[in-house]
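Shown next, in structure tokens, is the structure this report addresses.
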Amino acid sequence: MRPRAHQTGTVAPSIPEQARGVRPRDAEIGPEATDIELTVNGTTHRVRVEPRVSLLDALRERLDITGTKKGCNQGACGACTVWVDGRRVVSCLTLAVACEGREITTVEGLADGDRLHPMQRAFVDNDAFQCGYCTPGQLMSAVALMAEGHTCDDAEIAEWMSGNICRCAAYPNIRSAIRQVRDTAEGTRKGGR
Amino acid sequence: MRSFAYKRVSDVATAIAEVGGDPGSEFLAGGTTEVDMLRIRVARPRRVVDINDLPIAAIEDLSDGGLRLGGLARMSDVAAHPAVRERYPVVSEALEKGASAQLRNMATLGGNLMQKVRCSYFRDVDQACNKREPGSGCAAMNGFNRTHAVLGTSEHCIATHPSDVAVALTALDAIVHIQGPEGARTVAFDDFFPLPGNTPDREHPIAHGELITAIEVPANPAARTSHYLKVRDRESYEFALASAAVVLRVERGIIAEARIGLGGVATKPWRARQAEAALTGAPALRAAFEDAAAAELADAVPQGMNSFKITLAQRTLVRALETVASAHGGEGNA
């Protein structure tokens with residue numbers, strides 16, 4: 001089913017405080033679709049989903065926030081990486097209903113208006129992609145990685161980025177981009193947690 | 001994915017009552033196995049009960065120097081915890097060699113013990129699998145079984161237990177704390193994982209509605225130099241072909257105590273008691289390590305495509321023993 005009008009788009013108005021809390025948080029919902037609230041990049045959206053809908057599908061199919069990509073849909077590729085409460089997770093194995101009351105950050109939340117996040121800038125500078133499909137997930141992992149502090153050398157970067165597969169094998173340039181941000185103070189401006 | 005209902009709970013008693021009182025309900029923690037199982041229709045609950053808000057995620061000191069790891073502690077948080085890294089490096093190493101950074105942020109310790117096998121025939125509902133459909137047969141027996149087990153198998157199931165951290169925890173004699181409708185109880189780690197035998201569908205002693213609330217790791221000073229070695233097809237984000245968790249206590253070049261777990265080669269996190277017996281009292285030398293590894297794999301049963309694991313497991317164990325022995329200043333580093 002398609003979302004109702006107020007559920008679509010990143011420009012959906014935030015819901016006034018008094019209108020929040022569509023039901024008690026411990027109420028049983030489903031299996032039919034139910035209104036839930038998702039806070040994405042600081043904006044709270046009301047969206048109608050069945051409990052079986054993944055966070056990934058809720059973002060892409062219901063909210064039209066399509067920067068997050070669907071690759072394997074089984075937790076193996078990392079294309080769908082987002083942050084939930086500041087921690088990088090795979091949104092394909094996360095139920096949307098389980099994210100009520102949590103802060104979701106997607107790749108759309110990295111840039112400051114038209115000003116790219118330093119990691120996005122570094123990916124451009126280092127040609128850290130070919131087809132670009134895995135890039136949103138790579139970025140969300142790479143920025144989180146800075147905050148996690150596992151950027152000592154290329155081996156450590158590779159190990160801690162291994163949850164993000166790149167079929168174009170842009171790995172050397174992705175590591176270069178991460179090193180670039182690591183080596184500039186600006187890199188920690190907007191960390192993962 | 002089939003439809004199901006959802007309920008979020010915030011305390012242990014409610015969680016147990018909700019699932020224990022409804023045969024169609026299942027717990028949902030990190031979801032890294034459960035959501036996958038729901039999607040491929042191997043798991044078919046009427047409802048999932050979300051336990052992520054339960055206050056059982058802490059990592060706490062035990063009075064004797066051990067640690068109590070909450071059932072909902074995330075893999076990443078356990079691995080990064082200073083006390084775990086200092087007292088049980090084998091646990092941190094096993095955790096950080098498992099899955100990916102994203103999955104480790106999601107997956108819980110309790111869920112890790114409860115995770116399903118990675119046998120592709122178990123996950124394909126069109127294939128025979130005694131674990132999924134008792135009595136239907138085992139398609140892996142004559143199938144593509146390169147990654148399957150050589151220890152602890154039966155004619156009904158050869159699926160490898162996938163966990164890394166459980167291999168470390170079995171070597172440390174951890175204790176699983178369980179709470180359920182009938183009250184609280186503990187299970188010794190090695191007893192938590194039955195052999196498949198005639199009932200491969202019985203994967204653990206957890207009754208419906210029971211919850212893993214904590215895993216206790218007893219104090220073990222020798223574990224401060226423990227080590228987990230994992231060998232796999234690619235260097236990261238891959239299951240073990242063979243792995244070894246090793247804790248040694250070496251006194252004047254003689255092994256006073258050995259605790260060993262093997263992974264990637266067995267139907268359960270494998271406590272290598274035959275290797276431990278062979279090592280106890282032996283000099284910390286490569287020859288003794290090789291003899292011990294050979295003793296442990298003596299009863300291994302290859303399935304055709306996985307016979308290489310018998311050699312690989314021995315080499316993996318020998319190398320892990322050498323690493324730990326050299327940390328003791330023994331001759332393992334010769």
Report the A-B buried area as the accessible area lost on both sides summed, probe 1.4 Å, in Å² to the nearest 100. 2900 Å²
Share of the protein assembly as shown's accessible area from carbon and sulfur, percent, 1.4 Å? 48 percent
Rounded to whole Å, sorted largest first: equivalent-ellipsoid semi-axes of the protein assembly as shown, Cα gyration tensor: 39, 28, 22
Values of log10 I(q)/I(0), in the order q = 0.11 Å⁻¹, for the range A:53-167 under a Debye, Cα-only, solvent-free model: -0.33
Accessible area (Å², 1.4 Å probe, nearest 10) - B:Met141: 40 Å²
Leaving out ligands and nucleic acids, note down the accessible area per residue over chain B with a 1.4 angstrom probe, in whole Å². 38 Å²
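Please grab the % of Cα pairs in the range B:5-53 that end up more than 19 Å from each other.
Roughly 19 percent, once rounded to a whole number.
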For the range A:111-123, take each phi angle, set θ = phi - 60°, evaluate the Karplus expression 6.51 cos²θ - 1.76 cosθ + 1.60, and give the result in whole Hz per residue in order, putting x for glycine and proline. 6, 9, x, 8, 8, 5, 4, x, 6, 4, 4, 5, 5
Inter-chain Cβ neighbour average for residues A:52-60, partner chain, 10 Å: 2
Against the 2.2 N^0.38 Å scaling, with N counting residues, where does the range B:218-334 land? I'd like the Cα-based Rg ratio to two decimal places. 1.02
Each residue of B:93-102 has, on average, a number of other protein chain C-beta atoms within 10 Å of its C-beta equal to 6
Hey, what did the range B:14-166 get for relative contact order, percent, Cα under 8 Å, at least 6 apart? 19 percent
Restricting to Cα pairs under 8 Å and 6 or more apart, the percent relative contact order of the range B:226-329 works out to 27 percent
Assign unit charges at the C-beta atoms only (+1 for Lys and Arg, -1 for Asp and Glu), then state the dipole size of the range B:10-108 relative to its Cα centre in Debye, rounded to the nearest 20. 440 debye
Enumerate the amide H contacts of B:Ile59 below 5 Å, restricted to partners 5 or more residues apart or on another chain; note that Pro and chain-start residues carry no placed amide H. B:Gly70
Per-residue Cβ counts within 10 Å, from other chains only, averaged over A:99-106: what number is that? 1
What translational D, rounded to a whole number of µm²/s, comes out for chain B from Stokes-Einstein when the hydrodynamic radius is the Kirkwood one over Cα pairs, at 4 °C and 1.567 mPa s? 64 µm²/s
Once normalised by the length of chain B, the mean sequence separation of its alpha carbon contacts under 8 Å that are 6 or more apart gives a contact order in percent of 17 percent
As a test of the formula, what do you get for chain B when each DSSP H run with n ≥ 4 contributes -39,500 (n - 2.57) and the sum is divided by the residue count, at 222 nm and rounded to the nearest 500 deg cm²/dmol? -8000 deg cm²/dmol
Nearest-ten-degree value, helix B:286-297 long axis tilted from longest Cα axis of chain B: 40 degrees
Considering only lysines 8 or more places apart in sequence, or on different chains, count the pairs in chain B whose C-alpha atoms sit under 14 Å apart. 5
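The values are calculated or read from the model by the stated rules, or taken from the named source; none is laboratory data. Fair warning: this is a prediction, and the values are worked out from it, not measured in the lab. Neighbour counts are summed over all protein chains in view; Cβ atoms, including those assigned to glycine, are modelled from backbone coordinates with ideal geometry. Keep in mind that these areas ignore ligands, DNA and RNA; they rest on the heavy atoms of the full protein, side chains included. Shrake-Rupley method; radii C 1.70, N 1.55, O 1.52, S 1.80 Å.
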